[in-house]
Amino acid sequence: MKSKHLNYALVFIFVVFVRTVGFSQVVNDTATLKADNKDFTYKWAELVFQTVDIDSVKQQKVDNENYLKSIELLEDRLQNNKKELKMLINQANDEARVISNERKYVADKKKFTKDEDKFLKTEKSYRDKEAKLLMVDRKGLKKLSKELNNEELRDRTLKLDEKDNKIKELESQWNKRRDDLKYSLSEIAEKEAKLDRREVEVNNRLRELDRTKSALDLKAKQLNLEKQQTKLEIKKSKALLKTN
């Protein structure tokens, strides 16, 4: 019986000890100890939150969506400009091909004219030899004139005159052909000069269009970068609006 009372006494002492120790704790971070009754009260910390302006986020989302529409409008204009530029480049390339074909034609004509000029020079050389031989025949006939009767002298002289007239006629025709040839060569030189000027203009035009193409390609890259960045901003705004 004494043992039972002893156990009750020990339990009572333990409970009192635990309550005394527990209520005597001091919380330095959140409580202030009162001097009169050993009690304490909490000092609640001020809540500090980052400002989340939903209306501002919504407006940013709208602004970015409008900006994206503006970018897409500029992309459409840029595509139209590229189509126009491609048409101009094709025109310049067509002109370059025309010039190239005309050069081939002029080159062929020039070669033919030069060959004709060589032929005329050869013909002139042969005719000059014939004219010299005619002079030799006339001198020979003159030496033989005393040995020939009038009829023979007249016949030989007539043949030499016919030959001389033929040589003169061929020379006249040769001179006309030579003049025509000179005119053709002059025309060819003028045509080549015009082709040179046109070729310079076309090459300058193509370089100018190439610079324009490079500028448009750069603008396209810039617009695409802006577009991707704007889409990302819109995506962030939507995500932030969902969380709030």
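The values are calculated or read from the model by the stated rules, or taken from the named source; none is laboratory data. Note that this is a predicted model, so its numbers are computed, not measured. Note that each Cβ is placed from the backbone with ideal geometry, even for glycine, and that neighbours are counted across all protein chains shown. Remember, those area values only see protein heavy atoms, side chains included, never the ligands or the DNA or RNA. Shrake-Rupley method; radii C 1.70, N 1.55, O 1.52, S 1.80 Å.
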Condition (residue is over 30 Å from Lys132 (Cα atoms), more than 35 Å from the chain's Cα centre (by Cα) and open to solvent by less than 80 Å² (accessible area, probe 1.4 Å)) applied to the range 210-221: is it met by at least one residue? no
The listed residue being over 56 Å from the mean Cα position of the chain (by Cα), modelled with pLDDT under 95, open to solvent by less than 100 Å² (accessible area, probe 1.4 Å) and not hydrophobic (A, V, I, L, M, F, W, C), out of Asp155, Asp115: Asp155
Assess whether Lys235 counts as being touching a residue at least 40 places away in the same chain (Cβ under 8 Å) and surrounded by fewer than 16 Cβ atoms within 10 Å (Cβ to Cβ). no
Would it be correct to say that Lys227 is touching an Asp or Glu at 6+ places or on another chain (Cβ under 9 Å), within 30 Å of Asn66 (Cβ to Cβ) and not hydrophobic (A, V, I, L, M, F, W, C)? yes
Does Lys191 satisfy the condition of being in contact with a helix residue (DSSP H, G or I) (Cβ under 8 Å, 6 or more places away or on another chain) and open to solvent by 70 Å² or more (accessible area, probe 1.4 Å)? yes
Name, by its number, the condition in (1) out of contact with any Ser or Thr (no Cβ under 9 Å at 6 or more places or on another chain); (2) farther than 27 Å from Lys191 by Cβ; (3) part of a helix (DSSP H, G or I) that does not hold for Leu141. (1)
Would you check which residues across the range 68-108 are more than 28 Å from Ser184 (Cβ to Cβ) and among the aliphatic types (A, V, I, L, M) and list them? Leu68, Ile71, Leu73, Leu74, Leu78, Leu85, Met87, Leu88, Ile89, Ala92
Any pair with Cβ under 7 angstrom, 6 or more apart, that starts in the range 132-152 at a residue that is under 21 Å from Lys166 (Cβ atoms) and ends at one that is open to solvent by 90 Å² or more (accessible area, probe 1.4 Å) and part of a helix (DSSP H, G or I): Leu141/Arg156
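Can you tell me which residues in the range 167-182 are more than 14 Å from Met135 (Cα to Cα) and without any contact (Cβ under 8 Å) to a residue 12 or more places away in the chain?
The answer is Glu169, Ser172, Gln173, Asn175, Lys176, Asp179, Asp180, Lys182.
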Give me the pairs: first residue in the range 197-208 and among the β-branched types (Val, Ile, Thr), second residue assigned to a helix (DSSP H, G or I), beta-carbon distance under 9 Å, and six or more apart or on different chains, which are they? Val202/Ala92; Val202/Asn93; Val202/Glu95; Val202/Ala96; Val202/Ile99
If we ask which residues in the range 77-104 are surrounded by fewer than 15 Cβ atoms within 10 Å (Cβ to Cβ), over 18 Å from the mean Cα position of the chain (by Cα) and in contact (Cβ under 8 Å) with a residue 12 or more places away in the chain, their number turns out to be 0
Give me the pairs, please: first residue somewhere in the range 117-131 and more than 20 Å from Asp180 (Cβ to Cβ) and in contact (Cβ under 8 Å) with a residue 12 or more places away in the chain, second residue anywhere and surrounded by 15 or more Cβ atoms within 10 Å (Cβ to Cβ) and of a type outside the set (D, E, K, R), beta-carbon distance under 6 Å, and either six or more positions apart or on two chains. Glu130/Ile167; Ala131/Ile167
